[in-house]
Amino acid sequence: MIPVPQTPSFRLDGKRALVTGGSSGLGFGCAAALASAGADVVLAARDPDRLALAVESLRAKGFRARAMTLDIADVEAAAGAVDREGPFDVLVNSAGHARHGPASETTPEDFDAVAAINFRGAFFVTQAVAKGLLAAGRPGSLINISSQMGHVGGMDRAVYCATKHALEGFTKSMAIEWGPRGIRVNTVCPTFIRTPLTEQTFADPERRAWISEKIKIGRIGETEDVMGAVLYLASDAAALVTGTALRVDGGWTAE
């Protein structure tokens, strides 16, 4: 008889997960994916009313979920909240911001507003979760929601691309630093995903044509496309995966 390898589990029973930007869009989808696999999920975002609705929706499905009002741009307050509520076995940092427009018209205020969340906030919330794991001597999976724009350039997206390229860089460095302690750090890099925030882009015929040409698989992304990638990276099925960018981009960056 040939020994049959056992397929690694995608279950997250007994794990605690923090999802920033968890009250809507991709963040809410990721929270649902983790909760459906058995994780105890804390949804974090700035709007307490929206958070309460998101948590209620997950609990109605029988999932374990609760809310934490949090703005990752306030790095000191965010670190304090993570320290009080942690340690977390899984982080999905889905909080993000964008102010698209020509680079020639970008203002310092635009730059700072985007960088405060996509780069500075992402860096320090990842650090805060890692510190809790390191202090507890526990392994973990830290996942930053990046973008295909962390690997290419894009129309009217100079600042957004800059912050996502930066996120990719610190993710790799953190993976090297914390790998020996069993803490994996990765990114998920979606293409354009259909959410309320992207409907304005899809409504522009020029932008819609540009997107359709670039996505080789022939369709716009859906939240469910990202949920599976996040669940994989959070689980033991990805036990040897760290410092990696998982591109859920329909072939956009294959060129």
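The values are calculated or read from the model by the stated rules, or taken from the named source; none is laboratory data. Every value quoted in this text rests on a predicted model; they were computed, and no experiment measured them. Every residue, glycine among them, receives a Cβ derived from its backbone with ideal geometry; neighbour counts consider all protein chains shown.
So which of Thr126, Thr171 ends up being hydroxyl-bearing (Ser, Thr, Tyr), within 27 Å of Glu224 (Cβ to Cβ) and out of contact with any Leu (no Cβ under 6 Å at 6 or more places or on another chain)? Show your work before the answer.
Numbers: Thr126 fails: out of contact with any Leu (no Cβ under 6 Å at 6 or more places or on another chain).
Every option except Thr171 fails the conditions.
When you go through Ala17, Ala31 one by one, which is the residue that is in a strand (DSSP E or B), at pLDDT 95 or above, touching a strand residue (DSSP E or B) at 6+ places or on another chain (Cβ under 8 Å) and crowded, with 17+ Cβ neighbours inside 10 Å?
The conditions single out Ala17.
Looking at this structure, is Arg99 in a loop (DSSP other than H, G, I, E, B), among the basic types (Lys, Arg) and farther than 30 Å from Asp204 by Cβ?
In short, no.
Condition first: basic (Lys, Arg) and more than 27 Å from Gly86 (Cα to Cα). Now tell me which residues in the range 96-126 satisfy that.
Passing the criteria: only Arg99.
Give the range 213-225 a look and list any residue that's under 24 Å from the mean Cα position of the chain (by Cα) and either charged (D, E, K, R) or within 27 Å of Gly21 (Cα to Cα) (or both), or say none.
Residues satisfying the conditions are Lys214, Ile215, Lys216, Arg219, Ile220, Gly221, Glu222, Thr223, Glu224, Asp225.
Would you mention how many residues in the range 38-66 are surrounded by fewer than 20 Cβ atoms within 10 Å (Cβ to Cβ), at negative phi and not basic (Lys, Arg)?
Of the residues in the range 38-66, 10 are surrounded by fewer than 20 Cβ atoms within 10 Å (Cβ to Cβ), at negative phi and not basic (Lys, Arg).
Which ones in the range 143-185 are under 14 Å from Arg99 (Cβ atoms), within 16 Å of the chain's Cα centre (by Cα) and in a strand (DSSP E or B)?
None - no residue of the range 143-185 is under 14 Å from Arg99 (Cβ atoms), within 16 Å of the chain's Cα centre (by Cα) and in a strand (DSSP E or B), so the list stays empty.
Any residue that is among the aromatic types (Phe, Trp, Tyr), at pLDDT 95 or above, out of contact with any Pro (no Cβ under 9 Å at 6 or more places or on another chain) and assigned to a loop (DSSP other than H, G, I, E, B) - is there at least one of those in the range 74-88?
Scanning the range 74-88 turns up at least one residue that is among the aromatic types (Phe, Trp, Tyr), at pLDDT 95 or above, out of contact with any Pro (no Cβ under 9 Å at 6 or more places or on another chain) and assigned to a loop (DSSP other than H, G, I, E, B).
Search the range 186-243 for residues being assigned to a loop (DSSP other than H, G, I, E, B) and of a type in the set (A, V, I, L, M, F, W, C), and hand back the single one that is farthest from Leu12 (Cα to Cα).
Ala203
Just to be sure I understand the filter: pairs with C-beta atoms under 8 Å, separated by 6 or more residues or on different chains, first member in the range 208-227 and on the phi > 0 side of the Ramachandran plot and modelled with pLDDT under 90, second member surrounded by fewer than 17 Cβ atoms within 10 Å (Cβ to Cβ) and among the β-branched types (Val, Ile, Thr). Which pairs pass?
From residues that are on the phi > 0 side of the Ramachandran plot and modelled with pLDDT under 90, there are no pairs.
Which of the residues that make up the range 102-139 are among the small types (Gly, Ala, Ser) and either within 30 Å of Ala32 (Cβ to Cβ) or assigned to a loop (DSSP other than H, G, I, E, B) (or both)?
The initial filter retains those residues of the range 102-139 that are among the small types (Gly, Ala, Ser), namely 103-104, 113, 115-116, 121-122, 128, 130, 132, 135-137.
Those that are among the small types (Gly, Ala, Ser) and either within 30 Å of Ala32 (Cβ to Cβ) or assigned to a loop (DSSP other than H, G, I, E, B) (or both): Ala113, Ala115, Ala116, Gly121, Ala122, Ala128, Ala130, Gly132, Ala135, Ala136, Gly137.
Looking at (1) at negative phi; (2) touching a Pro at 6+ places or on another chain (Cβ under 7 Å), can you tell me which one Asp156 breaks?
Status for Asp156: all satisfied but (1).
Pairs please, first residue from the range 142-163 and more than 18 Å from Asp112 (Cβ to Cβ), second anywhere and basic (Lys, Arg) and in a strand (DSSP E or B), Cβ atoms under 6 Å, 6+ apart in sequence or on different chains.
Qualifying pairs under 6 Å: Met149/Arg157.
Among residues belonging to the range 102-127 that are under 14 Å from Gly169 (Cβ atoms) and not small (Gly, Ala, Ser), point out the one that is surrounded by the fewest Cβ atoms within 10 Å (Cβ to Cβ).
Ranking the qualifying residues of the range 102-127, first place goes to Arg120.
Quick one: what pairs do we get from the range 228-243, first residue closer than 11 Å to Ile143 by Cα and of a type in the set (Phe, Trp, Tyr), second outside any loop (DSSP other than H, G, I, E, B) and modelled with pLDDT of 95 or more, C-beta under 7 Å, 6+ apart or different chains?
These pairs meet every condition: Tyr232/Ala238.
Quick test of your reading of the structure: Asp89 fulfils all but one of (1) without any contact (Cβ under 8 Å) to a residue 24 or more places away in the chain; (2) out of contact with any helix residue (DSSP H, G or I) (no Cβ under 6 Å at 6 or more places or on another chain). Name the failing condition by number.
Unmet condition: (1).
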